[in-house]
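One structure is given below, encoded as structure tokens.
Only the coordinates and a few stated rules stand behind these numbers; no lab work does. None of these values were measured; they are calculated from a predicted model. Using ideal geometry, Cβ is built from the backbone for each residue, glycine included, and neighbour counts are taken over all protein chains shown.
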Amino acid sequence: MDNRLHTREIASAENRYQGNNRTGYSNPRVDELLDRLRVTMNPRERLPLQRDLVQEQVGDVGMFWLYWEVAPILMVKGVTGPRLINNTGTVNVFEWDRE
């Protein structure tokens, strides 16, 4: 999720028509969830926020997925640390470790 559907991203004269929300979608609940996600660092606290955001956007038909992108990461048993960053798990290879 990104801020593409945030109300402040609606292209307008105030942002020199540079906003990414080209459809003009506006939902105060989505704005609140996106703002909270920007400042929440703990993954355990982010997960329910992300779930609520998806439910709100899909339920409001602000976002409608035609497909779900799957990005599997294959690794040897005992390797820890790979994270999905920019659709690849190899970006943080310096953080990997073996059990």
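Structure values in brief
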{"quantity": "Computed E for Arg22/Leu49 - FRET, C-beta separation, R0 35 angstrom, nearest 0.05", "calculated": "0.90"}
{"quantity": "Integer Hz, Karplus 6.51/-1.76/1.60 couplings in order for segment 15-26, x for Gly and Pro", "calculated": "10, 6, 6, 9, x, 8, 7, 6, 7, x, 5, 9"}
{"quantity": "Cut-off under 5 Å, modelled amide H: who pairs with Asn92 long-range", "calculated": "Arg83"}
{"quantity": "14 Å cut-off, amide nitrogen to a point 7 angstrom out along Ala11 Cα→Cβ, residues in segment 21-35", "calculated": "21-25"}
